[in-house]
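Okay, so here's the structure we're looking at.
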Amino acid sequence: MKRIKINRLTEYDTSLGQVLIKGWVRTRRDAKGFSFMEINDGSCLDNIQVVADSQLSNYTDIQGITTGSAVAVTGALVPSPGKGQKWEIQAAVVEIISLAPETYPLQKKRHTDEFLRTIAHLRPRTNKYGAAFRIRSEMVQAIHRFYREKGFYYLTSPVITGSDCEGAGEMFRVTSLDPAQVAKQGKLDFSKDFFGQVANLTVSGQLSAEMFALALGDVYTFGPTFRAENSNTSRHVAEFWMLEPEMAFCDLSGNMDHGEELVKFLVTHALDACGRDLDLFFKFVDKDLPKRLEILASKTFERMSYTEAIKILEKSGKKFEYPVEFGIDLQSEHERFLAEEYVKKPVFLYDYPKTIKPFYMRINDDNTTVAAVDLLVPGIGELIGGSQREERLDVLESRMEEMGMDKEPYWWYLDSRRYGSVPHAGFGLGFERFLMMITGIKNIRDVIPFPRTPGSIDF
RNA sequence: UCCCCAGUAGCUCAGUUGGCAGAGCAAUUGGCUGUUAACCAAUGGGUCCGCGGUUCAAGUCCGUGCUGGGGAGCCA
């Protein structure tokens, strides 16, 4: 008999003949003449109740089935006479695939997130984490679908890069040199290293994406990125996934249009496709979540220039820990005030001072700001950071000189401005932060399967 | 990296002025029951985070290290 998954089973509205399910026992209760088992197979949040009659030949063994054990059950899907579930399976055969000993760490009761992090290999077996990781999978596929439908090409940008030029933070070094040898010699000779020069894990696929946008038109990269920053917060991990669209013949305004369309599509899709799993987060994780998702899906995002934002902050009468003046990099408290108290919905801030932004962002006509944009979401903070890129070779080169950069390693990047340069723009969206927004989960370590943070790389 | 808080049974926690190590849940065993995070009873279970110090005596006080959490910075 062909196995059927529980998420399909619950779609039926009439009794079925014999079905075969396979899964893990969440709980088992004995009654007189019966044993009741809740089986979950990971396909959805719901368990299916199996009723095993004492007439079954292996009933004694069935009574020894523990929480966490794996079973295969053949039986008829029938309406349940008990309360709490519509259907149950009247077992004809219960095959015990493997028993979990009493050391199985997951209780039927709720566990803390901190404890579950110490057993990250088992936490997807819980309701909450099972739901979170099904939603994560659904969102990955929705991203690909969105871009496919818009005619973007998917660029798999390299994970190992030869330059540290992306300027987005500390990098992890990649080397095949023997640390013991290096220690003995007391110096590093990268010309002897695998690549003949310094190599690092990528901090961004943007520069690659720009090259391909100027060839294939609209592209996106979506993959792991790495930051060796010693950041110990609930919003940072050393390895995370980033989505980076890059569009040729696109300006800053088009970039914002695209960001808004993307976020709205993904939120709408989540509400549509993950309703059952999302309900768990609505009920038990974040009571404000339904309202926040509703706003994201339906309300037009605000757009405000940095200069305007500074004026609003100055006039707010609020006492900020970090004083406000033109030229500062906005702090968490400033961003929170703007998104949560002032506009009360997602807001794009654009045209930041060039002094606080990287070299590749396009200089505006005022020669003091650049065409940068951040999307601030209430309760979340910065979700998207992007810019229109500087496409004018002479302007780009003089900016790099101004910033004291060595142009030589960027010869290929500058080539793109030399041959058929066009206006183009793009942004980065932190996928885990997006998932925090969708689920209401407060710690980034809980939306990624096996989090990597300073001092911690178990699993 | 900085500031704050915490670490006691498998889990969540209590532990008074320094004086015999506790509860609930889980586990095990038995009972009851178309059960619903079942229920009732009994039993087992401890490097009180590590190291050092003060003291007749330290889970409790002091120093230090480690781990976890919250916040800040950096950023996505």
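Taking every alpha-carbon pair under 8 Å whose residues sit at least 6 apart, chain A reaches a relative contact order of 13 percent.
The helix-based estimate of mean residue ellipticity at 222 nm for chain A, built from -39,500 (n - 2.57) per DSSP H run of four or more residues and divided by its residue count, is -9000 deg cm²/dmol to the nearest 500. The stretch A:373-446 and the stretch A:1-71 have Cα centres separated by 51 Å.
In terms of its C-alpha gyration tensor, chain A comes out prolate, because a/c is 1.5 or above and the ratio a/b outweighs b/c. Amide H contacts for A:Tyr153 (H built 1.01 Å from N in the peptide plane; partners 5 or more residues away or on another chain; cut-off under 5 Å): A:Asp218, A:Val219, A:Tyr220.
Tilt of helix A:393-402 relative to the longest C-alpha principal axis of chain A, in degrees (0 to 90, nearest 10)? The angle comes out near 90 degrees.
Loop-only check: which GluC sites (Glu not before Pro) in the stretch A:317-382 are DSSP coil with at most 10 other Cβ within 10 angstrom? Please report the intermediate quantities before stating the final value.
On the way: sites: A:Glu321, A:Glu325, A:Glu333, A:Glu335, A:Glu340, A:Glu341, A:Glu382; in loops: A:Glu321, A:Glu325.
Taking the stretch A:317-382 and a limit of 10 other Cβ atoms within 10 Å, the loop GluC sites (Glu not before Pro) found are A:Glu321, A:Glu325.
In sequence order, the stretch A:107-124 has phi-based couplings of 8, 5, 6, 5, 10, 6, 4, 5, 5, 5, 5, 6, 10, 4, 6, 10, 5, x Hz under the Karplus curve 6.51 cos²θ - 1.76 cosθ + 1.60, θ = phi - 60°, and Gly or Pro positions carry x. Between the helical axis of A:275-284 and the longest alpha-carbon principal axis of chain A there is an angle of about 90 degrees. Working note: Karplus 6.51/-1.76/1.60 with θ = phi - 60° gives the stretch A:73-88 the couplings 10, 10, x, 8, 7, 10, x, 8, x, x, 7, x, 8, 7, 10, 8 Hz, where Gly and Pro are set to x. Coupling constants for the stretch A:140-145 follow from the phi torsions by the Karplus curve (6.51 cos²θ - 1.76 cosθ + 1.60, θ = phi - 60°), and in residue order they are 4, 6, 5, 4, 5, 5 Hz; glycine and proline get x.
With a/c under 1.5 counting as rounded, go ahead and sort the stretch A:85-225 into rounded, prolate or oblate using the C-alpha gyration tensor (a ≥ b ≥ c being the square roots of the eigenvalues; past the cut-off, prolate if a/b is larger than b/c, else oblate). Oblate shape, in that a/c is at least 1.5 and b/c is the bigger or equal ratio. Angle of helix A:289-298 to the longest C-alpha principal axis of chain A, folded into 0 to 90 degrees and rounded to 10: 50°.
A short reminder: the numbers here are calculations on the coordinates, not readings from a lab. Bear in mind the structure is a predicted one, so any value in this text is a computation, not a measurement. Cβ coordinates were reconstructed from backbone atoms using ideal geometry, including for glycine residues, and neighbour counts include every protein chain displayed.
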